[in-house]
1. Within 10 Å of each residue's Cβ, count the other Cβ atoms and sort 109, 372, 151 from fewest upward.
2. Can you give the extra length, in nm with one decimal, that the chain gains between residue 110 and residue 293 once fully stretched, where that is 0.36 nm per residue apart less the Cα-Cα distance?
3. Between residue 381 and residue 193, what is the spin-label point distance in nm, taking each point 7 Å from the Cα along the Cα→C-beta axis?
4. For segment 122-128, in order, what is each residue's ³J(HN,Hα) by Karplus, 6.51 cos²θ - 1.76 cosθ + 1.60 with θ = phi - 60°, in whole Hz (x at glycine and Pro)?
5. Could you work out how much longer the chain between residue 77 and residue 218 gets when fully extended? Use 0.36 nm per residue separation minus the Cα distance between them, nm to one decimal.
6. Starting with the highest mean, order 178-191, 43-56 by the number of other Cβ atoms within 10 Å, averaged over the residues of each peptide.
7. Given 0.36 nm per residue, what is the gain on full extension from residue 429 to residue 355 after removing their alpha carbon distance, in nm?
8. Order by neighbour count: 309, 437, fewest other Cβ atoms within 10 Å first, most last.
Amino acid sequence: MNTAPPPDDPAEHIRIRAAESRIEFNVAGAFTLLIAGTLAYVHMLFADIVPPARLWTWTGMVIAAIMVMVALPVAVLVRRPDDAEIMKVWSPLGKFAAILFDTTVAASVWLLLPYASEPLRLLMVVFYAACVSGQVISTAESLGTILFGVVSIFGSAALFFVMAPGPYSVGLALFLVAFGALMIGVAATLKVAIRSAIAARLAAEAISADLAAALAAATEARQAKTRFIAAATHDLRQPLQAAALFFNRIAARQSAAGDATVVNARLAFAEAAGLLDQLLEHLRLDGGMIQPNTARTPLATIIPRVSTEVAEIAAVSAFEISHVPSRLAVTADPALLARILRNFLHNAMRHSRGSRILVGARQRGGRVRIYVVDNGRGITSALATSLFDDIKPASSDPVGQKGVGLGLPSSRRMAELMGGSVGLDPVWRHGAAFYCELPLAAAEAL
């Protein structure tokens, strides 16, 4: 992952300055619209007291400055220059526009104020303060430009009031000097704050991009590993199936089908194949390769079919499987629901040490719980808390082997994909009662 560039990194400095300039162009565009209306109002105030040639000279300067100040943000918005172009071309043009505006406003001191009354001069001081304040807000990063504006506008006005004695002249001159110094301090503070905020934002964007790239790489690596292990699992299952087939042929020739050793060997082959199936299923879930296709699923078509599919393994394991007929229907992917029930049944035959399994369903409000109940030794409270956790040690199975515990975690994931859940009913005390809870499906329209 990339680390944040050092503060004196030239490239990072250009990025920060360019970001500052983009912000200033946006703010300056809005400020220009406001100041244009104010300058038009000033023209109206002096229209009857200033000679037309002098007034229109100043107004022409205003119009030229406003046009430049409007054109620059629009050009930047349309052109969308990169950081280098911003720094090389547009930032200097922005400073030129600010200096042109300051010169125009300062010119009003010498072209207009000599004809103004004392109240109108006070109003113009407010106007000058507003102009400098707006410039500080819109161009805080350029202290040189702001210093020029303060000196040219406030300096000119203070000098004018010193040269034109009046009841408020000295006070206004002192106010302008003090206010100008305050504006320079505010601009310096804003510059530091804005630059720090921009640097933090750019660093956060860089970190976010690095995290996204790392996440994409990790996801790709995980999916590649999943595909590799899934392929290896598939390849391993083929020789295992062939070995089981050859063993069955040898057992049949020797007429030892009922021998306990043969029975346990067949069960071992079936369990090994089942574990490989669970591993493949878990990997596909982990890699996001299984997506549910939910629909109205009648339980009358799912429960009997799954019970029949595991009947052969149940017979070898000396289990009796029965089911309660149900007219309920759930919103589920039939294939995923069948896998969940099959996992529950295999889990009961492998670990319960019982002899009977019952499959049934009951409605609970707008949801349906499908139960797989056995009459075995039950589940301890300590083990019940981790039954559905990913990859954990499991109890000994009927042939004395250890399971990797993938069936129940995979069942939980598949149920969650369908908007459901799985669990162990703590109320059942005569074995274990696993359930899959799914949304109740609406009745079919007649």
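The numbers here are math on the coordinates, done by the rules we state, and not lab data. Since we're looking at a predicted model, the values are computed, not measured. Because the Cβ atoms are built from the backbone with ideal geometry, glycine has one as well, and the counts that use them run over all protein chains shown.
1. Working: 109 22, 372 27, 151 15.
Least crowded to most crowded, the residues run 151, 109, 372.
2. Roughly 57.8 nm would be gained on extension.
3. 5.8 nm
4. For segment 122-128, the Karplus curve yields 4, 5, 5, 4, 4, 4, 5 Hz.
5. Roughly 47.0 nm would be gained on extension.
6. Top of the packing list down: 178-191, 43-56.
7. Roughly 25.1 nm would be gained on extension.
8. By the 10 Å Cβ count, ascending: 309, 437.
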